[in-house]
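This report concerns only the one structure given below.
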């Protein structure tokens, strides 16, 4: 089995079944996904939203690099 990393944004909801259909899961023990959540406060200030303007174009390459590092470190695909 070759390494298969999928990076995509799920703005409203993550479709687990659609993701699973994109992956070769025979012999696979797990599928790992990342869910980023906004915390409600930062110190004493309420957090209402996060903006990723500067990161949007780099988000995919950075996440792919982190995924490859994790695969290399733990021998996963």
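The values are calculated or read from the model by the stated rules, or taken from the named source; none is laboratory data. From a predicted model like this one, the values you see are computed outputs, not experimental measurements. Glycine gets a Cβ as well: all are built from the backbone with ideal geometry, and neighbour counts include every protein chain shown.
Observations, loosely collected:
- Test: residue in the range 18-37 that is over 27 Å from residue 71 (Cβ atoms), out of contact with any helix residue (DSSP H, G or I) (no Cβ under 6 Å at 6 or more places or on another chain) and surrounded by 10 or more Cβ atoms within 10 Å (Cβ to Cβ): no
- Just one of (1) closer than 13 Å to residue 8 by Cα; (2) surrounded by 10 or more Cβ atoms within 10 Å (Cβ to Cβ) fails for residue 71. It is (1).
- For the range 17-37, residues that are part of a helix (DSSP H, G or I) and without any contact (Cβ under 8 Å) to a residue 12 or more places away in the chain total 4.
- Selection within the range 38-64 - modelled with pLDDT of 80 or more, surrounded by 10 or more Cβ atoms within 10 Å (Cβ to Cβ) and in a loop (DSSP other than H, G, I, E, B): 47
- All conditions but one from (1) part of a loop (DSSP other than H, G, I, E, B); (2) touching a residue at least 12 places away in the same chain (Cβ under 8 Å); (3) out of contact with any helix residue (DSSP H, G or I) (no Cβ under 9 Å at 6 or more places or on another chain) apply to residue 3; the one that does not is (3).
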